[in-house]
Amino acid sequence: MDVLMLSRLQFAAATFFHFIFVPLTLGLSILVAIMETKYVRTGDEEYLRMTKFWGKIFIINFAIGVVTGITLEFQFGTNWSRYSKYVGDIFGSLLAIEATTSFFLESTFLAVWIFGWKKLKPALHCAAIWLVAIAANLSAVWILMANAWMQNPVGYVIRNNRAELDNFFAVVTQPFAWQIYFHTIFGAYILVGFFVMGVSAYHLLRRQHVSFFTKSFRLGLTFALIFSVAEIVQGHIHGAEVAKIQPAKLAAMESHWETQANAPQILFLIPDEKNERNLFEFGRIPGALSMLAFHSPSATVTGLKDFAPEDRPPVTIVFLAFRTMVGLGFLFVALSFWAWFRRNKLLESPRLLKTLILAIPLPYIALQAGWIVTEVGRQPWIVYNLMRTKDAVSPIAASQVGFSLFIMVALYAVLGAAAFYLIIKHIRKGPEAAPVAVEA
């Protein structure tokens, strides 16, 4: 493989591994803050135990997420130096803001929270975890704004043979950036909801710490139900924005080849990229794609054949990833409602509990599929309609990238194994024992 493909594989591997830990960190920061707030307000020691139990998982995720995220920024200098030279004035500014504000705030107050249990008053200690949660979610804002600029570059001028920032306000207020942010953050909250429900279900099946994990289950369920429904609505809005800004991506998402008005939605199909058609189609709904994309059944949807072959994203992988994401999204709604109707009879619902344990990996798969749609669907552009990916790679030898890719994958495998071991061990152990009341 050439240096371009190896560099893309290296960045993809780092991104996918990093993003295993990020969404759980984002969601757990909020849930742990809610748990500690309930403890401070009620004095209920069970909420304190919940804070510490789920907080430890949060800390493990945060630590591995930070370590694996650092290599991503390094790659902009090592593997993608031409990209950094051309658009670094804009992209680098957003990452710098994230690092100097959100990340430092998050890491500083996380240290205060970890080491301040016996040194701070409960209300101040609780404030520390809220600052961590706010900073973590604010960090995602800046990173996703940088990604959104790559998807839809705005607020720049071409000067001195490079893209330079011309309108910072346009960059941070463009609707596409906020669509990406909410779509991603809702997905993270769905993930944490199902993670907490799945772990709670594991212990409830064994009749362990029933009160503790019933409360945890209901908090996770609230997140899962609210944000799984919200994600469907927001995903539709985001899809319409993609249709307007990135028509080639939309066409790949639906394996839509011919430009036509009253474009149908085809529920089941098999793409045939080589022959620019679909091998198999079943479940045609006339006008549905036009309606979903442009809110009018008579609207014209551009087909893949209207784009030059070198300007088309890889169709099959984008189509499959999109269908996986959407299918799982509707499954999350169904599972959340099932859990909601059985929330008061959890111990009498072993089938539900077993299903939720098995469902723990599904939001991870949905989020990774979403990133495939976002990033592979943008190809062949690294910055949409501004810079091609092949023009962004560093002028280095393929052997250098291949060696560093091997080392990175090996190191990440060790880090991943350690993280999963610690998390699973902590989950199986369960919460610390409740304090025993001593009679006077």
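The values are calculated or read from the model by the stated rules, or taken from the named source; none is laboratory data. Computed from a prediction, not measured in an experiment: that's the story for all the values here. All Cβ positions, even for glycine, are placed from backbone atoms using ideal geometry, and neighbour counts span all protein chains on display.
Residue by residue through segment 419-434, note down the ones that are closer than 16 Å to Ile59 by Cβ and without any contact (Cβ under 8 Å) to a residue 60 or more places away in the chain.
Phe420, Tyr421, Ile424, Lys425, Lys429 - these are the residues of segment 419-434 that are closer than 16 Å to Ile59 by Cβ and without any contact (Cβ under 8 Å) to a residue 60 or more places away in the chain.
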Out of Leu131, Leu120, Leu124, sole residue that is under 21 Å from Val40 (Cβ atoms), at pLDDT 90 or above and touching a helix residue (DSSP H, G or I) at 6+ places or on another chain (Cβ under 8 Å): Leu131
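Would you check which residues across segment 321-340 are in contact (Cβ under 8 Å) with a residue 40 or more places away in the chain and of a type in the set (A, V, I, L, M) and list them?
Initially, segment 321-340 is screened for residues in contact (Cβ under 8 Å) with a residue 40 or more places away in the chain, giving 321-322, 324-326, 328-330, 332-333, 335-337, 339-340.
Selection gives Ala321, Met325, Val326, Leu328, Val333, Leu335, Ala339.
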Ser394 being among the hydroxyl-bearing types (Ser, Thr, Tyr), modelled with pLDDT of 90 or more, surrounded by 12 or more Cβ atoms within 10 Å (Cβ to Cβ) and under 26 Å from Leu144 (Cβ atoms): no
In segment 143-160, the residues that are at pLDDT below 90 and part of a loop (DSSP other than H, G, I, E, B): Gly155, Asn160
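From the list Leu124, Leu120, which residue is in a loop (DSSP other than H, G, I, E, B), surrounded by fewer than 16 Cβ atoms within 10 Å (Cβ to Cβ) and not small (Gly, Ala, Ser)?
Leu120
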Filter result (out of contact with any Phe, Trp or Tyr (no Cβ under 9 Å at 6 or more places or on another chain) and either β-branched (Val, Ile, Thr) or under 18 Å from Gly235 (Cα atoms) (or both)) within segment 324-344: Thr324, Met325, Val326, Gly327, Leu328, Gly329, Phe330, Leu331, Val333, Ala334
Whichever residue in segment 84-105 is surrounded by 21 or more Cβ atoms within 10 Å (Cβ to Cβ) and aromatic (Phe, Trp, Tyr) and, among such residues, is modelled with the lowest pLDDT: Phe91
Residues satisfying the stated conditions in segment 383-406, i.e. of a type in the set (Ser, Thr, Tyr) and assigned to a loop (DSSP other than H, G, I, E, B): Tyr384, Ser394
Filtered residues of segment 227-267 (kept if closer than 30 Å to Gly193 by Cα and of a type in the set (Phe, Trp, Tyr)): Phe227
Among (1) under 22 Å from Met387 (Cβ atoms); (2) in a helix (DSSP H, G or I); (3) at pLDDT below 90, the one test that Ala163 misses: (2)
Candidates Phe21, Phe109 - the one that is within 30 Å of Trp381 (Cα to Cα) and crowded, with 19+ Cβ neighbours inside 10 Å: Phe21
Which listed residue is out of contact with any Gly (no Cβ under 7 Å at 6 or more places or on another chain), in contact (Cβ under 8 Å) with a residue 24 or more places away in the chain and either surrounded by fewer than 19 Cβ atoms within 10 Å (Cβ to Cβ) or part of a helix (DSSP H, G or I) (or both), from Val132, Val171: Val132
Candidates Ala140, Ala111, Ala96, filtered to the one that is in a helix (DSSP H, G or I), over 16 Å from Thr51 (Cβ atoms) and within 20 Å of the chain's Cα centre (by Cα): Ala140
Matching residues in segment 176-204 - criterion: being of a type in the set (Phe, Trp, Tyr) and within 17 Å of Ala240 (Cβ to Cβ): Phe176, Trp178, Tyr181, Phe182, Phe186
Unique match (being part of a helix (DSSP H, G or I), more than 21 Å from the chain's Cα centre (by Cα) and small (Gly, Ala, Ser)) among Ala201, Ala177: Ala201
